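Engineer: Got a structure for you, written out below as structure tokens; questions coming shortly.
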Amino acid sequence: MKRVFGVKKDKEPPPSIQDASDRINKRGDTVEDKIKKLDVELARYKEQIKKTRPGPAQEAVKARAMRVLKQKRMYEGQRDMLYNQTFNLDQVAFASEGIKDAQQTMSALKSANKELKGMMKTVKIQDIDNLQDEMMDLMDVSNEIQETLGRSYSVPEDIDEEELMGELDALEADMESEGDSVPSYLQPDKEPDYSELNLPAAPTGHAPVANQAEDELGLPAVPRASLRG
């Protein structure tokens, strides 16, 4: 049967926007190369027209130049048309990419929305409020426990606070009165009293002088040397 009717060929996938744009750009490059070759030929004909005298020869060169110029105008029109097609394809590609980005964004938002809804089912505002109230109660109980443990066992509970305040004011007054006098650590040091120790007197540095005879003026008499015979 396949030999009689043949095999059905698979359809080729349609060209993408990028494929069409590449093909048109390739055609545009080919047309641009042709225009450049015609420009070179026109420049050669211009030089020939300048060098030839007016007459049949110059008219023939002008005719060839006119033919090349018409071809150039035709190729320039094709080039502009191809560039316009490329521009349109680029706009379509940009719009297509924008739609794809929007689809991905919507898909991500839907997934996040679904996930948030599932999370919100497990979290309730009333449970949070109850938890906060329990935490505050626990903190109050903890503070009461700390205050109870911090009490002093030796202090009686029936102490008159007004009496304590009066003693505190009197103590502050005494401290202020003592603050006017010079503290003991700022007073000069006193010399120690060594009289009770019965220590010998310190030497004066001069030896005691024996009683000497004095002359008529009250001065000590000078000893005279004796001559022995």
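The values are calculated or read from the model by the stated rules, or taken from the named source; none is laboratory data. Remember, predicted model here, so these are calculated numbers, not experimental data. Neighbour counts are summed over all protein chains in view; Cβ atoms, including those assigned to glycine, are modelled from backbone coordinates with ideal geometry. What goes into the accessible areas is simple: the full protein's heavy atoms, side chains included, and nothing from ligands, DNA or RNA. Shrake-Rupley method; radii C 1.70, N 1.55, O 1.52, S 1.80 Å.
Engineer: Inside region 93-140, can you point out the residues that are under 30 Å from GLY28 (Cα atoms) and open to solvent by 80 Å² or more (accessible area, probe 1.4 Å)? Let's see the steps before the verdict.
Structural biologist: At the first step, the residues of region 93-140 found to be under 30 Å from GLY28 (Cα atoms) are 93-100.
Those that are under 30 Å from GLY28 (Cα atoms) and open to solvent by 80 Å² or more (accessible area, probe 1.4 Å): PHE94, GLU97, ILE99, LYS100.
Engineer: Kindly indicate whether ALA57 is surrounded by 11 or more Cβ atoms within 10 Å (Cβ to Cβ) and either part of a helix (DSSP H, G or I) or not hydroxyl-bearing (Ser, Thr, Tyr) (or both).
Structural biologist: yes
Engineer: Of everything in region 23-44, what is out of contact with any Lys or Arg (no Cβ under 7 Å at 6 or more places or on another chain), within 12 Å of LEU82 (Cβ to Cβ) and open to solvent by less than 100 Å² (accessible area, probe 1.4 Å)? Give them in sequence order.
Structural biologist: Within region 23-44, ILE24, ASN25, ASP29, THR30 meet the criteria.
Engineer: Which residues, taken from region 76-92, are hydrophobic (A, V, I, L, M, F, W, C), under 18 Å from ASP33 (Cα atoms) and open to solvent by less than 70 Å² (accessible area, probe 1.4 Å)? Please lay out each step first, then the result.
Structural biologist: If we filter region 76-92 for residues that are hydrophobic (A, V, I, L, M, F, W, C), which is where we start, we get 81-82, 87, 89, 92.
Filter once more, so that each one left must be under 18 Å from ASP33 (Cα atoms): 81-82.
Once the filter is applied, which keeps residues that are hydrophobic (A, V, I, L, M, F, W, C), under 18 Å from ASP33 (Cα atoms) and open to solvent by less than 70 Å² (accessible area, probe 1.4 Å), region 76-92 yields only LEU82.
The rows are residues; the columns are (1) of a type in the set (Asp, Glu); (2) under 60 Å from the mean Cα position of the chain (by Cα); (3) at pLDDT 90 or above.
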{"position": "ARG27", "(1), (2), (3)": "no, yes, no"}
{"position": "LEU38", "(1), (2), (3)": "no, no, no"}
{"position": "LYS50", "(1), (2), (3)": "no, no, no"}
{"position": "ALA60", "(1), (2), (3)": "no, no, no"}
{"position": "MET74", "(1), (2), (3)": "no, no, yes"}
{"position": "GLN104", "(1), (2), (3)": "no, yes, yes"}
{"position": "LEU109", "(1), (2), (3)": "no, yes, yes"}
{"position": "LYS114", "(1), (2), (3)": "no, yes, yes"}
{"position": "THR122", "(1), (2), (3)": "no, yes, no"}
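Engineer: Just a yes or no: is a residue in region 119-126 of a type outside the set (Gly, Ala, Ser) and part of a loop (DSSP other than H, G, I, E, B)?
Structural biologist: Initially, region 119-126 is screened for residues of a type outside the set (Gly, Ala, Ser), giving 119-126.
When the remaining residues are screened for being part of a loop (DSSP other than H, G, I, E, B), the result is 123-124.
Yes, region 119-126 has at least one match.
Engineer: All but one of (1) acidic (Asp, Glu); (2) touching a residue at least 60 places away in the same chain (Cβ under 8 Å); (3) surrounded by fewer than 11 Cβ atoms within 10 Å (Cβ to Cβ) hold for GLU12; state the number of the condition that does not hold.
Structural biologist: Only one criterion in (1) acidic (Asp, Glu); (2) touching a residue at least 60 places away in the same chain (Cβ under 8 Å); (3) surrounded by fewer than 11 Cβ atoms within 10 Å (Cβ to Cβ) is unmet by GLU12, namely (2).
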